[in-house]
Structures are given as structure tokens and as C-alpha cells.
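Below is one structure, written out as C-alpha cells; the observations come after it.
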Amino acid sequence: MSAHTDVPRDFPYPATNYQEDNRGQFHFSTRGGWMNDVNAPLYYRGVYHLYYQHNPFSLVWDTMHWGHATSTDLVHWTQQPIALDPHVHPGDLWSGGGVVDTENASGLKNGDDDPIVVYSGTNGVTVFYSLDGGNTFTTYADGKKVVTPGGTSRDPKVFWDPVSKHWGMVVWSDEGGNGVNFYTSTNLLDWTFASRYRADWLFECPNMIRMPIDGGYRWLLHGGSGEYQIGEWDGTAFHTDWTGPQKINQTDTYAGSGYYAALNFSNLPNDRVVSMAWQGENKGSIWTGNATFPVDFTLHHTDDGLRVFSTPVPELATLRESTRTWESLTVEDDVQQLPAGTTYELEATVDVREARKFSLRVGREVVYDAEQETLDGAKLRTVDGKIKLQLLVDRDQLDVFGNDGAVYQSYNIRSAEPELVAEGRIHLDTLTIHRLRSIWR
């Protein structure tokens with residue numbers, strides 16, 4: 001093995017107070033330049049590391065770097081120097097994943113810190129590792145590609161399987177059509193082809209997550225669009241009896257939309273699964289793009305089978321600076337004004353048994369059709385005639401959650417003071433608005 005230490009160039013990010021027009025106040029955005037896919041999110045010694053696709057020199061996509069930010073609570077983020085720089089780290093530094101090598105399986109450890117190993121590259125996977133807690137990275141074996149799938153390939157993601165006691169890698173490729181190649185390893189550096197899973201829906205940025213359910217585990221395989229299937233991993237291959245995918249985020253998801261290319265934080269304790277995605281389209285004077293607010297993934301049994309539920313991480317509550325609650329509020333064929341500002345969380349439990357439709361206008365009309373039992377087109381069944389809603393409005397970013405995460409939707413909007421509109425009669429058990437402070441102040 002040969003390696004050389006790679007030190008990215010210092011990059012002078014523009015001065016900012018993060019208050020530019022349109023910039024979200026509790027959704028992460030890079031200090032300056034372009035941001036897209038979330039890369040290698042991980043947790044190490046009390047710190048969450050968020051890497052991301054980044055062009056620091058422009059407001060549009062171009063030669064990719066890996067940007068870097070850190071947090072101790074998943075809410076407040078601090079911009080860090082660039083982690084991977086194409087001027088010193090070889091290859092196309094496109095999307096990828098990473099892990100904390102807590103057992104030194106790689107043999108790379110040299111000091112007090114556990115190695116942090118990340119994977120990137122197109123048409124072949126390149127390995128980089130950090131021995132200083134994820135701040136600077138060394139290129140492994142002078143950039144030798146450790147696997148090269150057939151066809152066009154990109155976006156490696158690595159996961160640990162405690163049953164087979166092997167690491168797994170999932171890589172998208174178009175050989176024979178959309179799908180992923182699986183590889184296995186005992187040391188994170190030498191990889192053996194294990195199997196291929198082909199599916200038309202499985203395009204780009206694949207991810208494989210071991211999810212707790214019913215005292216055991218199932219495996220979640222999803223692609224860049226958030227389409228997913230749930231199945232089993234036997235140590236070399238993914239198996240499912242599903243005939244088609246479901247969606248994590250029930251919107252029109254594509255590169256540059258309000259939700260794309262999600263990854264979960266590796267090395268979290270207690271089987272917790274926290275995910276973040278790229279929320280595109282939004283931009284300002286010195287930055288483009290941001291991340292979705294982090295969500296907890298959980299598996300739940302529903303009338304339609306196992307489904308992924310998504311809920312904003314509870315650390316959100318630390319941003320609440322004032323709260324107003326309405327109780328036993330009835331609205332019938334009318335519009336109710338709801339003063340809230342432009343950065344807030346809205347929670348409501350709504351009885352819809354006498355309604356045709358109702359909507360929350362927040363710069364976008366979030367519509368519940370009581371006759372069809374759909375929330376902006378996604379099925380959301382009532383429970384005892386009621387539904388629960390939670391909205392995060394962050395200037396021009398919107399995240400919508402229905403029935404404790406059964407529905408999850410992300411949008412770019414033009415924020416406005418909220419209005420509640422009823423067609424027919426609705427009764428709100430409670431409606432609460434929390435004004436949220438900026439994470440940047």
C-alpha cells in the first residue's frame with residue numbers, strides 16, 4: 001500500500017451573516033458557492049459531520065469538491081474547510097458515502113483517532129481516509145480504484161452487516177439497465193463482487209440501511225429519487241418480495257427538486273437512522289442549494305405493509321423561541337389568518353369528518369382532500385376522523401409531515417403568512433405555531 005497526505009487549499013469563503021434573501025434559517029446551506037448531494041454523513045465522538053457535493057467557485061454545478069460542515073446537535077452547523085479538493089485528491093469527486101472504522105479493520109489507524117474512510121469516484125471507486133477525525137483526508141493507494149463496475153457507474157455507499165460480519169458496498173451502474181452492484185469486504189479496502197440487483201426505478205445515489213422493526217431488522221434499499229424497497233440481506237445479495245417501489249418523500253423527486261440523493265448518518269448509536277437530502281432550486285446572491293432538515297427514519301406496519309416513516313429530528317425543539325396555541329377551533333367555508341412570520345413550525349390535529357377539503361396556504365397550498373383521503377396527492381388516512389399535520393416553513397423551504405411521518409413532502413416555495421382554508425367544516429383540536437430562531441445567530 002502507498003499513500004500520500006493530501007491537504008486541500010485554503011478557500012476564502014465570502015463573509016456572510018447567513019441572512020441573504022431566500023436563505024433558509026434552519027436548513028443547512030453552504031457558506032458560499034454551489035451545493036448538491038449529501039455525502040458521507042457520519043457521527044464521530046459527539047460531532048455530526050456533513051460532507052456534500054460542492055463547487056466553491058461558482059453558483060452553478062462544475063468541478064466537484066467535497067464541502068464539509070459539523071454540528072453537535074444536528075441543528076446548528078459550522079462551515080469547515082473543504083474536505084476533498086480535485087486539485088489535490090485524484091479522480092471525479094462525485095457523490096459517495098463513508099464510515100467510521102471503529103475496529104481498525106482497515107489497519108490504517110495511526111494515533112488516537114479511528115480512521116474515517118470515504119468513497120467517491122465515477123466509473124470506479126476511489127478511497128480516501130482521515131486520521132484526524134474527519135477534517136483532512138489522504139488518498140489511499142495513490143487513487144487506485146478498488147472496484148470498477150461495468151457500464152457507467154457512480155455513488156458508492158458502504159454499510160456494515162453484523163450478521164455476516166462483512167462490510168457491504170452498493171454502487172449504481174447502468175450495465176444492462178438501472179441497478180446496483182453489491183461488493184463485500186472485511187477490511188474496507190479490498191472488495192469482492194457479490195451480486196447485482198437490477199430495477200428500472202433504481203437510479204443514482206443508492207443507499208442500503210439496516211432498519212430495526214419488531215425486535216429484529218429489515219433492510220431498506222433506496223435510490224436518489226427516494227424510491228425504495230424493503231427486504232432481506234443474506235450477506236451477499238438483497239432479496240424482496242415487493243413488485244415495485246414506494247417513496248420516502250411523496251413529491252416529484254429528481255436532481256434539483258425539493259428532495260434528492262438522501263443518505264443516513266453512519267455510526268449513530270442505538271439503531272437511530274437520521275437522513276438528510278439535497279433540496280435544490282433555492283439560491284441567493286452567494287450560494288445555491290441547501291439540505292433538507294434532518295429526519296428520523298423508522299419502519300412501521302400499515303394497512304399497505306411495511307413503510308418508512310419520516311419525522312423531523314426532535315432536536316428541532318431547541319429552536320422554538322415563542323409559541324401560540326389555538327384550541328377547539330372551528331372553521332366552516334372560510335379563511336382563517338394565522339400570524340406566524342416566515343420561519344416557523346406548525347402542528348395541527350384536524351377533524352375532517354364534515355369537510356370536503358381544507359388547505360394551509362404557506363406560499364404553497366398544502367391541500368388535504370377529505371373525500372379522497374390524500375395530502376397533496378399522497379394517501380393519508382384519517383384516524384377516528386382526524387389527521388395530524390406538521391409543517392416546517394423556513395423562508396422558501398417547506399417540509400410537510402402527515403400522521404407522524406406517514407407522509408413526508410419537501411418543496412421550494414415563496415413563503416407567506418399562513419392561512420387556513422376550509423371547504424365544508426373542519427374542527428381543530430389544537431393548532432400550534434412555534435416561531436423558530438435562526439441556527440446561524
Given (1) within 22 Å of Met208 (Cα to Cα); (2) assigned to a loop (DSSP other than H, G, I, E, B), index of the condition Asp112 fails: (1)
Meets criteria (out of contact with any helix residue (DSSP H, G or I) (no Cβ under 6 Å at 6 or more places or on another chain) and over 20 Å from Val313 (Cα atoms)) for Gln397: no
Count - residues of the stretch 253-285 that are part of a loop (DSSP other than H, G, I, E, B) and surrounded by 18 or more Cβ atoms within 10 Å (Cβ to Cβ): 8
Residue ranges of strands (runs of 3 or more DSSP E) in the stretch 134-173 with at least 3 members touching a strand residue (DSSP E or B) at 6+ places or on another chain (Cβ under 8 Å), under 20 Å from Ala262 (Cβ atoms) and in the same structural domain as Ala83 (by TED's automatic domain parsing): 153-161, 166-173
Single residue of the stretch 99-125 satisfying the filter (of a type outside the set (A, V, I, L, M) and within 23 Å of the chain's Cα centre (by Cα)) that is surrounded by the most Cβ atoms within 10 Å (Cβ to Cβ): Ser120
Identity of the residue in the stretch 227-252, within 30 Å of Val367 (Cβ to Cβ) and acidic (Asp, Glu), that ends up surrounded by the fewest Cβ atoms within 10 Å (Cβ to Cβ): Asp252
Extreme residue, nearest to Thr70 (Cα to Cα), among residues of the stretch 291-315 that are surrounded by 19 or more Cβ atoms within 10 Å (Cβ to Cβ) and among the polar types (S, T, N, Q): Thr292
Given (1) of a type outside the set (Lys, Arg); (2) buried (at least 17 other Cβ atoms within 10 Å of the Cβ); (3) in a loop (DSSP other than H, G, I, E, B), number of the condition Val60 does not satisfy: (2)
Tabulated pairs, the stretch 2-20, first among the β-branched types (Val, Ile, Thr) and modelled with pLDDT of 65 or more, second part of a loop (DSSP other than H, G, I, E, B) and surrounded by 10 or more Cβ atoms within 10 Å (Cβ to Cβ), C-beta under 9 angstrom, 6+ apart or interchain: Thr16/Arg23; Thr16/Arg31; Thr16/Gly32; Thr16/Ile286; Thr16/Trp440
Counted residues, the stretch 326-341 - those being crowded, with 18+ Cβ neighbours inside 10 Å and among the hydroxyl-bearing types (Ser, Thr, Tyr): 0
The stretch 352-374 - residue that is among the hydrophobic types (A, V, I, L, M, F, W, C) and without any contact (Cβ under 8 Å) to a residue 60 or more places away in the chain and, of those, surrounded by the most Cβ atoms within 10 Å (Cβ to Cβ): Val362
Among (1) β-branched (Val, Ile, Thr); (2) touching a strand residue (DSSP E or B) at 6+ places or on another chain (Cβ under 9 Å); (3) modelled with pLDDT of 95 or more, the one test that Val88 misses: (3)
Flag if Thr318 is out of contact with any strand residue (DSSP E or B) (no Cβ under 9 Å at 6 or more places or on another chain) and modelled with pLDDT of 95 or more: yes
Criterion (modelled with pLDDT of 95 or more, crowded, with 23+ Cβ neighbours inside 10 Å and of a type in the set (D, E, K, R)) met by exactly one of Arg45, Arg23, Arg31: Arg23
Total residues in the stretch 380-390, condition in contact (Cβ under 8 Å) with a residue 60 or more places away in the chain and outside any loop (DSSP other than H, G, I, E, B): 1
Residue within the stretch 404-426 that is touching a Leu at 6+ places or on another chain (Cβ under 6 Å), outside the structural domain of Ser257 (by TED's automatic domain parsing), without any contact (Cβ under 8 Å) to a residue 60 or more places away in the chain and over 21 Å from Leu319 (Cα atoms) present: yes
Residue among Thr318, Thr349, Thr288, Thr323 that alone is part of a strand (DSSP E or B) and exposed (fewer than 15 other Cβ atoms within 10 Å of the Cβ): Thr323
Out of Trp77, Trp94, Trp66, Trp61, sole residue that is closer than 28 Å to Gly341 by Cα and either without any contact (Cβ under 8 Å) to a residue 24 or more places away in the chain or hydrophobic (A, V, I, L, M, F, W, C) (or both): Trp77
Among (1) of a type outside the set (Asp, Glu); (2) more than 24 Å from the chain's Cα centre (by Cα); (3) buried (at least 21 other Cβ atoms within 10 Å of the Cβ) - the single one Leu131 does not satisfy: (3)
Residue in the stretch 207-214 that is modelled with pLDDT of 95 or more, more than 20 Å from the chain's Cα centre (by Cα) and either of a type in the set (Val, Ile, Thr) or outside the structural domain of Val38 (by TED's automatic domain parsing) (or both) present: yes
Filter result for the condition that a residue is among the polar types (S, T, N, Q), assigned by TED's automatic domain parsing to the domain that holds Ala406 and touching a residue at least 12 places away in the same chain (Cβ under 8 Å), over Thr342, Thr298: Thr342
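The values are calculated or read from the model by the stated rules, or taken from the named source; none is laboratory data. What you see is a predicted model; the values in this text were computed from it and never measured. Cβ atoms come from the backbone with ideal geometry, glycine included; neighbour counts cover every protein chain shown.
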